[in-house]
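Read through the structure below, which is laid out as structure tokens, and then see the notes.
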Amino acid sequence: MGQFGMGQAVRRVEDLRLLTGNGRYTDDISLPRQTVAYILRSPHAHAGIGSIDTAAAAAAPGVLGVFTAADLRADGVGDLPCLTPLTNVDGSASVSPPRPALAEGKVRHVGDAVVLIVAETMAQARDAAELVEIDYQPLPATTETATAGDADQPLVWDEAPGNICFDWAQGDAEGVDAAFAKAHKTVSVELVNNRLVVNSMEPRGAIGDYQKGDGRFVLHTSSQGPHLIRSQLAGTILKVPEHRVRVVTQDVGGGFGMKIFLYPEHVLVTWAAKKVGRPVKWIAERQEAFLSDTQGRDNVTRANLALDAEGRFLGLKVETRANLGAYLSNFAPFIPTLAGTGMLAGVYTTPVIHVRVKGLFTHTTPIDAYRGAGRPEAAYLVERLADLAADALDLSPAEIRRRNFIPGSLMPFKTALGITYDSGEFRQNLEDALQIADWDGFAARRTASAKTGKLRGIGLSTYIEQCGGGEDEAATVRFDPSGSVTVLVGNQSNGQGHETAYAQIVADAFSVPFESVRVIQGDSDVVYFGRGTGGSRALPVGGSAVQKAVEKVIEKAKKVAAHMMETAAADVEFKDGVFQIAGTDRKLAIQEVVQAAFDPEALGGEIEPGLSEVAHFAPAGATFPNGCHVCELEIDGDTGDVEILRYTVVDDFGRVVNPMMLAGQVHGGIAQGVGQALYESTVYDPDSGQLVSGSLMDYALPRADNLPMVEFAWNVVPCRNNPLGVKGSGEAGAIGAPPAVINAIVNALRHLGVTHVDMPATPQRIWSILQTAKQAA
């Protein structure tokens, strides 16, 4: 292992470029003769469109085109697809209504795209938008997850009675009923998993271009992988062969799942570029992002847990209503069902589980994956129930978990929902976290806080998530004659540090200088295949593909070395950058072999010149990162303000490639999880459907001073499902943090009879609880 190899805390190679202002984001791109796009959006949550008059706008100075849904239909432009339909409990198909890139006949949420204006300048486009006359016919709207399915609520889609998109179930309903029938005690909770606005630092953007000479469409966009967007644009939208569509993504300033999907703006700028004969650029403003970016979470859940007299979990029953918004984004039905429900088993031996999920349409911005994508919702529910069970049986939060953990000796372990965990030492994570957090010393710290008028609480959560599995990924690894290495891989960095991690894998395997490795992503013309970044797949799947390609290069290089040393390839070993005939001192450095590999005369015509290999890796199963979070906080009894004093996390991410980048991933995830638990609140007015929290003036994000330094440690339990032994780490912090924070708040308020506080636990919410308790006293 070299200084920059596997397991080393290497500084991110991309940071020099990004921190010195030399990154290249979508808004940094300016194509020759480029125009700008402005999208006129609906001010109504629900309204019929009587007519649209664009004549005055089309005649305005600098305007090159004004387009509506009728123009898209006239050109045969297809609708945006939902890629994950479901089967209902009665065997029928889920409802998948059309999603045109511009609203047709009706608008269904505030911010729904209605008219596209293309002009020379943004000022001209905005002026033209003021001239568009739209006859809106306002209609009643429904926005609340808890009530959208009620009989008196207006319909979002006529083909979805009761606003139900799907009614889906998984698990053993009869077994759960039997478990509850014999239970010594049961506990229940009804909770809200609050809707979140993603707020990536870089807003979405898209630049469309049409190359008339070869009839190709080119889209430059900030995404989490170009290939999924290309396949939809070509096949469903533009209906052309894939080779006629190129999608390019360069630097990306955050995605968190939100930039995986095909959006109406991708369709509009690509199609409009051909219509006006020039490139068309659209960049979202922050307020526009609040209205048009897919949002996350938004579930209302009721759950019941059955226990025996010893506190062991006997059965779990879960009923969830999941808000999908007005349209189905690419993976919307998948997120509250198959993406997350399997994790309702948590790290526990619960023998029977049944879950039922109803997906509901509302007059709100569409919902899709957001960091964790279903797994944070599951962990939050299970860990709140675990604390309630501990209270019901007068056990400590740690003890109730000890009695129900899946022991490492049972791995691989198949859960009640049919998922097989390959590895994990859950109790070890707990015990380590308790020791680091000084759990046993908390009582004295609580007493000290009370003397200053503060309410001190401590909470823990354990978590497990399923990630880093799924479909295959591809990578190409090639030497050039100078000895440098190029890696082409089909996923896309959006801040994680892929260029560094992949270079570490390659530098470690070849024993070449770290700085000689270059990583290329994001261009569908250059990287021939890719599944994109999502579900923490970059290292477990993409990294394993890189590793396989490296191994194939080494095997070919052994043939070159064998030819040079006049021996059989089977007799050549490779270690620490040296090819050596086994049992002898005859050897060649890797650079000598690389140079020979590009010399046809040296190869004597027996070996094809070059050292370049392609590999696909399809994982045998997912990875299951897991861990324990401990949060300690104080509540100001006068204001309800919460201050996190100490935060401890012990994780198992399998083999660690880069400890520094791993810590960064965990810290960022915890910050987002704390944001959901304490600050972030997406509010729609229930009468008008307006987004009340539609800007950063009204939507609170976590800040640096809201968090202490995180005490982070890890245990290495290698994953058995990929050759690197790694487990996904990108989402874990956001999964474990919300229940740890809320458990700590409930612990601080428990003496007041409080058993649950919904997220976000804002000062106003906690102050109201405190006032109610004072009045009751």
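The values are calculated or read from the model by the stated rules, or taken from the named source; none is laboratory data. Please read these numbers as outputs of a predicted model, since none were measured by experiment. Quick reminder, even Gly has a Cβ in these numbers, built from the backbone with ideal geometry, and neighbours come from all protein chains shown. Heads up: the accessible areas ignore ligands, DNA and RNA and are worked out on the full protein's heavy atoms, side chains in. Shrake-Rupley method; radii C 1.70, N 1.55, O 1.52, S 1.80 Å.
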(request) Just check the stretch 1-139 against the gyration tensor rule for me: Cα atoms, a ≥ b ≥ c as the square roots of the eigenvalues, rounded for a/c under 1.5, and otherwise prolate or oblate depending on whether a/b exceeds b/c. (result) oblate
(request) Please list 270-276, 750-756 highest first by mean number of surrounding beta-carbon atoms within 10 Å per residue. (result) 270-276, 750-756
(message) If each DSSP helix of 4+ residues adds -39,500 (n - 2.57) and the sum is divided by the residues in the chain, what number results at 222 nm, nearest 500 deg cm²/dmol?
(response) -8000 deg cm²/dmol
(request) Work out which helices of the chain, taken as complete DSSP H runs, extend at least 15 Å along their axis over the Cα atoms and score a mean Kyte-Doolittle of 0.5 or more, then list them. (result) 659-678, 732-749
(request) Compute, for GLU465, the solvent-accessible surface of its heavy atoms (probe 1.4 Å) with the complete set of protein chains present, and express it in square angstrom to the nearest 10. (result) 0
(message) To check you understand DSSP bridge types, tell me what percent of the beta bridges within the chain (both residues inside) are antiparallel, rounded to 5.
(response) 80
(request) With unit charges on the beta carbon (Lys/Arg positive, Asp/Glu negative), name the residue among ALA773, GLY736, GLY669 whose Cα is farthest towards the positive pole of the charge dipole of the stretch 649-777. (result) GLY736
(request) Go through the stretch 180-241 and name the trypsin sites (Lys or Arg not before Pro) that are in a DSSP coil and have 12 or fewer other Cβ atoms within 10 Å of their Cβ. (result) LYS182, LYS212, LYS239
(request) Mind running the shape call on the stretch 512-590? Use the C-alpha gyration tensor, a ≥ b ≥ c as the square roots of the eigenvalues: rounded below 1.5 for a/c, prolate if a/b tops b/c, oblate otherwise. (result) prolate
(message) If packing is taken as the average number of other Cβ atoms within 10 Å across a peptide's residues, how do 321-328, 57-64 rank, most packed first?
(response) 321-328, 57-64
(request) Choose one of ALA538, LEU460, VAL506: the residue whose Cα lies farthest towards the positive end of the charge dipole of the chain (beta-carbon charges +1 Lys, Arg; -1 Asp, Glu; about the Cα centre). (result) LEU460
(message) Nearest 5 percent is fine: what portion of the DSSP beta bridges confined to the stretch 465-604 is antiparallel?
(response) 75
(request) Normalising by the residue count of the chain, find the relative contact order in percent from Cα pairs under 8 Å and 6+ residues apart. (result) 15
(request) Count the net charge of all other residues whose Cβ sits under 9 Å from the Cβ of VAL89, scoring Lys and Arg as +1 and Asp and Glu as -1. (result) -1
(message) If I compute solvent accessible area with a 1.4 Å probe over the protein chains, what percent of it on the chain is carbon and sulfur?
(response) 50
(request) Taking the Cα centre of the chain as origin, work out the dipole magnitude from +1 charges on Lys and Arg Cβ and -1 charges on Asp and Glu Cβ, in debye rounded to 20. (result) 340
(message) Highest mean first, how do 370-376, 757-763 rank when packing is the count of other Cβ atoms within 10 Å averaged over residues?
(response) 370-376, 757-763
(request) For the stretch 120-278, give the share of DSSP beta bridges that are antiparallel, in percent and rounded to the nearest 5; count only bridges with both residues there. (result) 60
(request) Please work out how much accessible surface MET661 shows to a 1.4 Å probe, ignoring ligands, DNA and RNA, in Å² rounded to 10. (result) 20
(request) Sticking with the crude label model, points 7 Å out along Cα→Cβ, report the distance from VAL692 to ASP641 in nm, one decimal please. (result) 2.4
(request) Express the accessible area of the chain per residue in Å², computed with a 1.4 Å probe while the remaining protein chains stay in the model. (result) 38
(message) Students sometimes get this wrong: rank LEU116, LEU588 by accessible area, probe 1.4 Å, all chains present, largest first.
(response) LEU588, LEU116
(request) Name the shape class, rounded, prolate or oblate, that the alpha-carbon gyration tensor gives for the stretch 473-549, where a ≥ b ≥ c are the square roots of its eigenvalues, rounded holds for a/c under 1.5, and otherwise prolate holds if a/b is larger than b/c and oblate otherwise. (result) prolate
(request) About the Cα centre of the stretch 13-121, how large is the charge dipole given +1 on each Lys and Arg Cβ and -1 on each Asp and Glu Cβ? Please answer in debye to the nearest 20. (result) 100
(request) Give me the distance in nm between label points sitting 7 Å out from Cα along the Cα-to-Cβ direction at VAL189 and ALA55, one decimal. (result) 6.2
(message) Past 24 Å, Cα to Cα: identify those pairs from LYS259/LYS414; LYS259/LYS548; LYS414/LYS727; LYS454/LYS774; LYS239/LYS274, in the order given.
(response) LYS259/LYS414; LYS259/LYS548
(message) With a cap of 16 neighbouring Cβ atoms within 10 Å, and only residues DSSP puts in a loop, list the trypsin sites (Lys or Arg not before Pro) found in the stretch 428-504.
(response) LYS451
(message) Report the Cα centroid-to-centroid distance between the stretch 70-128 and the stretch 293-352 in angstrom, as an integer.
(response) 30
(request) Sort ASP27, ASP705 by accessible area with a 1.4 Å probe, largest first. (result) ASP705, ASP27
(request) Restricting things to alpha carbons, tell me how big the stretch 154-252 is in terms of Rg and Dmax, in Å. (result) 23.6, 75
(message) Around ASP27, under 12 Å between beta carbons, what's the net of Lys plus Arg minus Asp minus Glu among the other residues?
(response) -1
